[in-house]
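Report on the structure given below.
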Amino acid sequence: MPPIGFTNALDVVHAGLLFAGSVMTTDGTSNTAKSGGLYVLNGQGKIAGNFGMQELINGPWGMAINDLGAGAQLFVSNVFDGTITRLDVTFGNGTAAVQNAVKIGSGYGFGPDSAAVVVGPAGLAYDQLSDTLFVASEMDDTVFALHGAGKTQTDLGTGAVVYQDAAHLHGPLGLIFATNGDLLVANADPAVSQDPAVPSEIVEFTRRGQFVRQYSVDPNLGSAFALGIEGQVNENVFAYVDDFLSTCTILNLSPGPF
């Protein structure tokens, strides 16, 4: 069996299912890169399904989920065609069934990359209250917003530019909300967008596009990857993946920074 090549498209729902994107390569380069689809895994870690081209999944690179209990909306970024797909799914019999698949975003830069294998639309963060999906686009060094992402039945294009900053964004990959409502991105430093002076940065900015701060997680390029955060009463639990060291660091932070 070829390597699955799990990506940053990884999330879980309260129904006990895990969704995991796959982009595989047999030689570690873009020459053999192809989509492995979006896996559905049950609570025992067994494969319960796989969504592919029929469901508009073409290189799942990032994901956000609107968990609705008996079902969910899965937002997936596709690295091989520069699009965003929304899957409306229901849960039952230990798996998920797609009721509707819609291309809701397109026009994002994508292509091969000598350092990152491939680049394209990546990290996603969904705000249910405003029905807005934020999209981190690596090749464009830009974060976009798709307004009405959960309701639209048509392609919204790239959406509105939220944050575009060549000085601070270098292949933004991971994308999450901070506990203060700001956005955090992890710079993947692909070959198409590198600055050795500021390697592997996590960047914070407001939803109005104002830069707040940045922090390097590793002196090597290409280390910042996935991000996670949870706000608790007395502290914020923040986690990041260092792709150079293949480690996950979990920090307990006092309330304030995020």
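The values are calculated or read from the model by the stated rules, or taken from the named source; none is laboratory data. Worth saying up front: this structure is predicted, and the values here are computed from it rather than measured. Note: ideal-geometry Cβ built from the backbone for every residue, glycine included; neighbour counts use all protein chains shown. Areas reflect the complete protein model, heavy atoms only, side chains present, ligands, DNA and RNA absent. Shrake-Rupley method; radii C 1.70, N 1.55, O 1.52, S 1.80 Å.
Starting from the residue with the highest accessible area, list Leu18, Leu169 in decreasing order, probe 1.4 Å.
Descending accessible area places them as Leu18, Leu169.
Which value, in Å², gives the accessible area per residue of the chain when a 1.4 Å probe is used on the protein heavy atoms?
Numbers: 11150 Å² over 258 residues.
Per residue, the chain has 43 Å² of solvent-accessible surface.
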Relative to the Cα centre, what is the charge dipole magnitude of the chain, using +1 at the beta carbon of each Lys and Arg, -1 at the beta carbon of each Asp and Glu, and rounding to the nearest 20 debye?
580
Amide H proximity to Asn50 below 5 Å, modelled H, separation 5+ or other chain, gives Val40
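Among rounded, prolate and oblate, which fits region 218-258 when a ≥ b ≥ c are the square roots of the eigenvalues of its C-alpha gyration tensor, a/c under 1.5 means rounded, and a/b larger than b/c means prolate? Can you show the working numbers first?
Details: a/c = 3.16, a/b = 2.59, b/c = 1.22.
Prolate, since a/c reaches 1.5 and a/b exceeds b/c.
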Sequence gap at least 6, Cα distance under 8 Å: using those rules, report the relative contact order of the chain to the nearest whole percent.
11
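Grab the Cα-Cα distance for Glu230 and Gln54, subtract it from 0.36 nm times how many residues apart they are, and report the gain in nm with one decimal.
Details: separation 176, 0.36 × 176 = 63.36 nm, distance 3.45 nm.
Extra length from Glu230 to Gln54 when fully extended: 59.9 nm.
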Length-normalised contact order of region 1-69, Cα under 8 Å, at least 6 apart, in percent, tallies to 33
How far is the Cα center of region 161-215 from the Cα center of region 57-71, in Å?
22
Taking the Cα-to-Cβ direction at Asn93 and at Gln128 and moving 7 Å from each Cα, how far apart do the two end points lie in nm?
2.7
Order of exposure, largest accessible area first, which applies to Thr206, Thr154 with probe 1.4 Å:
Thr154, Thr206
Just how much of Ser114 is accessible, in Å², when a 1.4 Å probe is used and the result is rounded to the nearest 10?
120
With every protein chain left in place and a probe of 1.4 Å, what is the accessible surface of Asp243, to the nearest 10 Å²?
80
Placed amide H near Asp141: partners under 5 Å, 5+ positions off or other chain
Gly171
Given contacts defined as C-alpha pairs under 8 Å and at least six residues apart, what's the relative contact order of region 1-121, whole-number percent?
20
Cα shape, region 159-231, gyration tensor, a/c 1.5 rule
oblate
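Quick one: with all protein chains in place, what share of the accessible area of the chain is carbon or sulfur, to the nearest percent (1.4 Å probe)?
Details: 5940 of 11150 Å².
Here carbon and sulfur together make up 53 percent of the probe-accessible area.
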